[in-house]
């Protein structure tokens, strides 16, 4: 099935939940800027990228008018207030690492669902729905890392981030697309799935898989077997 029919319903995201997800994303960006000793403009810029970056990329790719971050009057002021909080209370917020990890995981799930559902409502193919959902979830982090002049976290071995979003967006695409299950329960399930994968990977030290050279691995195993076969066997008395 190449195309996914446009979703019959739009996921009802309460404004408070939407803003809470943006606040958590802005907190992560602002705290990184504060730890690096950035000026107030740097803290604000990284807060914007963390809270709104993924949504901006999503809306530009969907080309359905001005990005929501620019048309919603609450988004930018919320991010600005969050940036000021991180600017003045970064030391205190840094002690809440465990809480922030959990909130960040839930936010990852919300952004994945929102991005994938918007792409699905636009009638995009399944692969595009998965792509938009994943980009919405991790796009802000990519922009943030670019501004920090460092390699993006999502391309390095480490706890599941883009991998969790990719799995979640794929699940939503299948469950709410071809299987035509109700969107709201599916969204809840996907949020729990993405957040759970993220938290468990941090807790258990799971890392996203890295590239593997299968021919080289096969040759190494074959050489090992041949060497084992050539070794003289000890005779038993």
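The values are calculated or read from the model by the stated rules, or taken from the named source; none is laboratory data. Owing to the predicted nature of the structure, the values given are computational and were not obtained by experimental measurement. Reconstructed Cβ throughout: ideal geometry from the backbone, glycine too, with neighbour counts over all protein chains shown.
Tabulated data for the structure shown
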read-out: Qualifying residue in the stretch 201-223 (condition: in a helix (DSSP H, G or I), modelled with pLDDT of 80 or more and surrounded by 12 or more Cβ atoms within 10 Å (Cβ to Cβ)); value: yes
read-out: Inter-residue pairs, beta-carbon under 7 Å, first touching a residue at least 60 places away in the same chain (Cβ under 8 Å) and in the stretch 49-76, second outside any helix (DSSP H, G or I) and surrounded by fewer than 21 Cβ atoms within 10 Å (Cβ to Cβ), 6+ apart; value: 55/67; 56/67; 62/122
read-out: Close pairs from the stretch 133-149: first within 10 Å of residue 166 (Cβ to Cβ), partner modelled with pLDDT under 90 and surrounded by 24 or more Cβ atoms within 10 Å (Cβ to Cβ), Cβ under 7 Å, at least 6 apart; value: 138/161
read-out: Qualifying residue in the stretch 63-73 (condition: surrounded by fewer than 17 Cβ atoms within 10 Å (Cβ to Cβ), modelled with pLDDT under 90 and touching a strand residue (DSSP E or B) at 6+ places or on another chain (Cβ under 8 Å)); value: no
read-out: Selected residue (criterion: surrounded by the most Cβ atoms within 10 Å (Cβ to Cβ)) from residues of the stretch 110-160 that are at pLDDT below 85, in a loop (DSSP other than H, G, I, E, B) and in contact with a helix residue (DSSP H, G or I) (Cβ under 8 Å, 6 or more places away or on another chain); value: 160
read-out: Of all residues making up the stretch 161-192, the number that are exposed (fewer than 15 other Cβ atoms within 10 Å of the Cβ) and either assigned to a helix (DSSP H, G or I) or out of contact with any helix residue (DSSP H, G or I) (no Cβ under 6 Å at 6 or more places or on another chain) (or both); value: 8
read-out: Where residue 155 falls short, out of the listed (1) under 30 Å from residue 35 (Cβ atoms); (2) in contact (Cβ under 8 Å) with a residue 40 or more places away in the chain; value: (2)
